[in-house]
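Structure, as structure tokens:
The values are calculated or read from the model by the stated rules, or taken from the named source; none is laboratory data. Everything quoted here is computed from the prediction, not taken from an experiment. Every residue, glycine as well, gets a Cβ built from its backbone with ideal geometry; the counts of neighbours run over all protein chains shown.
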Amino acid sequence: MQKFSMLSHSDKVAVGVSGGKDSLALLYVLKKFFEEHDRTKLVAITIDEGIHGYRDESLQIVKDFCSQIKVETNISSYKDLFGLGMDQAMQERPSEKMTSCSMCGTFRRRAIDIMAESVGANVVATGHNLDDHLQTFMINLLSGDTERICWMYPEPVQYGPNGLRKVKPFVEIYEHEIVFYAVLRDIPFQSEECPYMHESIRTELREFLNKLETGHAGIKYNAYNSMTKISKMLKTSSMRSLSHSKECLACGRNSTGSICSVCKTLQVLAKST
Ligand SMILES: [Zn+2]
């Protein structure tokens, strides 16, 4: 956390908690850290994507765990925020080219921003680990999205009207280390997998990278270091053009184009029905 100046003393931190091992372990670690440093401004935010049979288990886990370690929880849904959940979005999408994970990711980023603002937080912490980060890098690389790569540098930048910062304290930790920690500390977590996960290339990349790691210990960490250097260089060189971000014509939030990705997705879904 210190390496990339992730937290300062006066921050109010909202932790994005899904019910998976990473986010619950992060909440646990931050709660301990806050207690040791006499800090109280920590809340959990949880999003219900509206995926039948998948979210119910994890919502209960989140509620129980938060009351056990005494952290305030805030739950909101895509349905509340955008008017439709993922199951409905999957039915209404015009083609399979709009993958579940890209729609869900677009909605999730916005939902987290809205919820963090509504609880008065200035920092959002998420449980992304080194494996997640590496997979995302590969996805961006394979889809030609270099702009997203420059946003991947782990040092937080302020964005939006309220100057939110996003931090990923577990970004240098392997996924299996977090599983080990969660089991060791008796942290409950959801085992159910998202029914739409087969639509993403992420699963294939995860298996591929783990296979490499088995034969060449440390290769994921090396790749992470290369990725960090690349994203830093890209970020530095494109800083000027990025500071000219516009406002979305539909919702008024920061956007790279005239209409932001959330509004664009909602428009496509509305048109196809
Ligand atoms: Zn918009």
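Brief remarks on what is shown
- Qualifying residue in the stretch 252-259 (condition: basic (Lys, Arg), within 28 Å of LYS97 (Cβ to Cβ), without any contact (Cβ under 8 Å) to a residue 40 or more places away in the chain and within 16 Å of the ligand (Cβ to nearest atom)): no
- Which numbered condition GLN60 fails, given (1) of a type in the set (S, T, N, Q); (2) over 17 Å from the mean Cα position of the chain (by Cα); (3) within 30 Å of ALA270 (Cα to Cα): (3)
- Number of the exception - PRO188 against (1) assigned to a helix (DSSP H, G or I); (2) more than 16 Å from the ligand (Cβ to nearest atom): (1)
- Out of LYS246, LYS220, LYS235, one residue alone is within 16 Å of the ligand (Cβ to nearest atom) and over 19 Å from the mean Cα position of the chain (by Cα). It is LYS246.
Yes or no, residue by residue, for (1) in contact (Cβ under 8 Å) with a residue 60 or more places away in the chain; (2) in a loop (DSSP other than H, G, I, E, B); (3) touching a strand residue (DSSP E or B) at 6+ places or on another chain (Cβ under 9 Å):
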residue	(1), (2), (3)
GLU192	yes, yes, no
PHE208	no, no, no
THR214	no, no, no
MET227	yes, no, no
LEU234	yes, no, no
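- Filter result for MET239 (at pLDDT below 90 and surrounded by fewer than 12 Cβ atoms within 10 Å (Cβ to Cβ)): yes
- Per-region count, the stretch 260-273, residues near the ligand (Cβ under 10 Å from one of its atoms) and crowded, with 16+ Cβ neighbours inside 10 Å: 7
- Complete set of residues in the stretch 175-213 that are among the charged types (D, E, K, R), surrounded by fewer than 12 Cβ atoms within 10 Å (Cβ to Cβ) and within 28 Å of ILE114 (Cα to Cα): GLU193
- Criterion (among the hydroxyl-bearing types (Ser, Thr, Tyr) and modelled with pLDDT of 95 or more) met by exactly one of THR99, THR46: THR46
- Of the residues making up the stretch 81-91, those that are surrounded by 15 or more Cβ atoms within 10 Å (Cβ to Cβ), over 19 Å from the mean Cα position of the chain (by Cα) and assigned to a helix (DSSP H, G or I) number 4.
- Residue check, ILE75 part of a helix (DSSP H, G or I), touching a residue at least 24 places away in the same chain (Cβ under 8 Å) and within 24 Å of VAL43 (Cβ to Cβ): no
- Looking only at residues in the stretch 155-174 that are at pLDDT below 85 and in contact with a helix residue (DSSP H, G or I) (Cβ under 9 Å, 6 or more places away or on another chain), the one that is surrounded by the fewest Cβ atoms within 10 Å (Cβ to Cβ) is PRO161.
- All positions within the stretch 12-59 that are closer than 21 Å to TYR196 by Cα and in a helix (DSSP H, G or I): LYS21, ASP22, SER23, ARG55, ASP56, GLU57, SER58, LEU59
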